[in-house]
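Peer 1: Take this structure, written in structure tokens, and hold onto it; I'll ask about it next.
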Amino acid sequence: MMGAMSEAAPRVALAEQAYSQLKAELHDFLWLPGERASELEIAHRLGMSRTPVREALFRLRNEGFLDVEAKTGWTVKPIDFARIDQIYDLRVVLETASLARLAQMSDEPAQLRALKEVWLVPAAERLGDGRAVGELDERFHAELVAAAGNEEISRVHREVTERIRIVRRLDFTRGDRIDATYAEHAKILRAVIQRKTEAAQLLLKSHIEQSKLEVRKITLHALQEARARRA
């Protein structure tokens, strides 16, 4: 029994490594929609056996990034903007509901105190690195939901966040979008702290809707650039 467990550990670690690397490549559009590859080709490139690579690929398929067919191998799925729009709409439902729950709490949750330290800062103290701001943005929305105290809503929100990360992170590749994120988050947070629930919900909805529009434009531009580089 112990021998089987010790043999499985390296395989699991390799599968996780393959998953992380392949997902990063998808995020950076190093694989273009419609592009195909075999497990063997990918395994050779990553310097691994096919077993951990296959596990990583099936995980990415389950997350909606890839398709697989016996004869053609693995294919990168087209970006489904209609589905992404629906996921953004679901975010609005989950997050505005969480704001309503927050307004009913007698004490200020610790998550809000932590968010104030990040977002209610002078302009000179704001971060300019898009990747870092993207991670902070994701945490901002996750912490707002978590502060409301419903773990099931938080769980669904985490799953929703994972499904749109491939496009959402592109919202922070431009300086104006980073500035807008700081300003909008600050307004939302102040409204939450002041118990102006309806105002906070309207600000949050507008913030998410604008992000949805921006990521569509930026994603299409990024795809055009990736195809041009490939050509």
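Peer 1: For Gly34, indicate whether it is open to solvent by 30 Å² or more (accessible area, probe 1.4 Å), small (Gly, Ala, Ser) and modelled with pLDDT under 80.
Peer 2: No.
Peer 1: In the range 182-192, is there at least one residue being under 19 Å from the mean Cα position of the chain (by Cα) and among the β-branched types (Val, Ile, Thr)?
Peer 2: no
Peer 1: Only one of (1) under 17 Å from Glu135 (Cβ atoms); (2) loosely packed, with under 14 Cβ neighbours inside 10 Å is not met by Arg229, so which one is it?
Peer 2: (1)
Peer 1: State whether the residues of the range 144-154 include one that is closer than 23 Å to Lys217 by Cα, part of a helix (DSSP H, G or I) and free of Cβ contacts under 8 Å to residues at least 24 places away in the same chain.
Peer 2: No: the range 144-154 contains no residue that is closer than 23 Å to Lys217 by Cα, part of a helix (DSSP H, G or I) and free of Cβ contacts under 8 Å to residues at least 24 places away in the same chain.
Peer 1: Pick from the range 88-111 the residues that are over 30 Å from Arg216 (Cα atoms) and of a type in the set (A, V, I, L, M, F, W, C): which of them is surrounded by the fewest Cβ atoms within 10 Å (Cβ to Cβ)?
Peer 2: Ala110
Peer 1: Give me the residue from the range 52-66 that is open to solvent by less than 60 Å² (accessible area, probe 1.4 Å) and not charged (D, E, K, R) and, out of that set, nearest to Leu223 (Cα to Cα).
Peer 2: Here the residue is Phe65.
Peer 1: Just checking, does the range 67-87 include any residue being assigned to a helix (DSSP H, G or I) and buried (at least 17 other Cβ atoms within 10 Å of the Cβ)?
Peer 2: yes
The values are calculated or read from the model by the stated rules, or taken from the named source; none is laboratory data. Everything quoted here is computed from the prediction, not taken from an experiment. Virtual Cβ from ideal backbone geometry, glycine too; neighbours counted across all protein chains shown. Note: areas computed on protein heavy atoms with side chains; ligands, DNA, RNA excluded. Shrake-Rupley method; radii C 1.70, N 1.55, O 1.52, S 1.80 Å.
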